[in-house]
Amino acid sequence: AQTVTQSQPEMSVQEAETVTLSCTYDTSESDYYLFWYKQPPSRQMILVIRQEAYKQQNATENRFSVNFQKAAKSFSLKISDSQLGDAAMYFCAYRSIPNTGNQFYFGTGTSLTVIP
Amino acid sequence: EPEVTQTPSHQVTQMGQEVILRCVPISNHLYFYWYRQILGQKVEFLVSFYNNEISEKSEIFDDQFSVERPDGSNFTLKIRSTKLEDSAMYFCASSEFVSGETQYFGPGTRLLVL
């Protein structure tokens, strides 16, 4: 089974600074999808960014970007110009390609604090 | 923007009791999921549901669990005889398609079994 590891239970960043959250995964599959979800306190998880493994180009979404290193099985999230509203739990997730399973495999999460 | 909703937000029950957790997926979505997260642990997949039947389930989803889409809008998770270890946050999710599709999550139901 696939496993996802987030080695940083907690991170903090100064407002307007940049922070990188790490995620590694283990899989024998060559095609898959990777996601970062954000869960603000008492709110639902919302998608931050998504990466298809067959794409070499790193996904970006405004202030959020990823560093996808397929050979290293690493998928880190960079948040630039951090804002107070970025404070949340961040989950990294893996999903197989269709027809081989549609469940998500999650990491344990990283709690991000943004310091004003 | 459409959202997945879940009720109740919190539920406390006695061990051995039945509980039903309710979810309203996004209206044009066809695939539905339940996950759970025991405190301090990973979010774990329980089951996926499509076309009124289970399409995939994990080892956690044993005979004590069942899912149902009783009408055109609700998607429920039933735990027949709750155990202490069922205490967790339960998340419902839905997706429009299965193909690489993002799953949209609800806010969760926190279940406490005493």
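Things to note:
- Residue under evaluation B:P70, criteria (1) within 30 Å of A:E10 (Cα to Cα); (2) away from every other protein chain (no Cβ under 14 Å); (3) of a type outside the set (S, T, N, Q); (4) surrounded by fewer than 16 Cβ atoms within 10 Å (Cβ to Cβ), criterion not met: (1)
- Some residue of the range B:39-58 being surrounded by fewer than 12 Cβ atoms within 10 Å (Cβ to Cβ) and assigned to a strand (DSSP E or B): yes
- Of the numbered criteria (1) under 24 Å from A:R43 (Cβ atoms); (2) within 11 Å of another protein chain (Cβ to nearest Cβ); (3) modelled with pLDDT under 95, the one B:L39 fails is (2).
- Test: B:L111 is surrounded by 20 or more Cβ atoms within 10 Å (Cβ to Cβ), modelled with pLDDT of 95 or more, over 10 Å from the mean Cα position of the chain (by Cα) and over 18 Å from A:F106 (Cβ atoms): yes
- Residue in the range A:78-97 that is of a type outside the set (G, A, S), more than 30 Å from B:F49 (Cβ to Cβ) and in a strand (DSSP E or B) present: yes
- One residue stands out in the range A:86-116 among those that are under 27 Å from B:Y33 (Cβ atoms) and away from chain B (no Cβ under 14 Å): the one that is surrounded by the fewest Cβ atoms within 10 Å (Cβ to Cβ), namely A:A87.
- Flag if B:I79 is of a type in the set (V, I, T) and modelled with pLDDT of 95 or more: yes
- Residue within the range B:67-86 that is acidic (D, E) and either closer than 28 Å to A:Q6 by Cα or in contact with a Gly (Cβ under 7 Å, 6 or more places away or on another chain) (or both) present: yes
- Residue within the range A:2-20 that is touching an Asp or Glu at 6+ places or on another chain (Cβ under 6 Å), in contact (Cβ under 8 Å) with a residue 60 or more places away in the chain, open to solvent by 20 Å² or more (accessible area, probe 1.4 Å) and within 14 Å of another protein chain (Cβ to nearest Cβ) present: yes
- A:P41 fulfils the conditions (1) closer than 16 Å to A:L112 by Cα; (2) at pLDDT 90 or above except for a single criterion, (2).
Condition check ((1) facing another protein chain (nearest Cβ under 10 Å); (2) more than 22 Å from A:M45 (Cα to Cα); (3) of a type in the set (F, W, Y)) across all residues:
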residue: B:E44; (1), (2), (3): yes, no, no
residue: B:T76; (1), (2), (3): no, no, no
residue: B:Y90; (1), (2), (3): no, no, yes
residue: B:S94; (1), (2), (3): no, no, no
residue: B:L112; (1), (2), (3): no, no, no
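- Some residue of the range B:88-100 being open to solvent by 50 Å² or more (accessible area, probe 1.4 Å) and farther than 21 Å from A:L34 by Cα: no
The values are calculated or read from the model by the stated rules, or taken from the named source; none is laboratory data. Please read all numbers here as calculations on a predicted model, not as lab measurements. Reconstructed Cβ throughout: ideal geometry from the backbone, glycine too, with neighbour counts over all protein chains shown. For accessibility, only protein heavy atoms count, side chains too; no ligands or nucleic acids. Shrake-Rupley method; radii C 1.70, N 1.55, O 1.52, S 1.80 Å.
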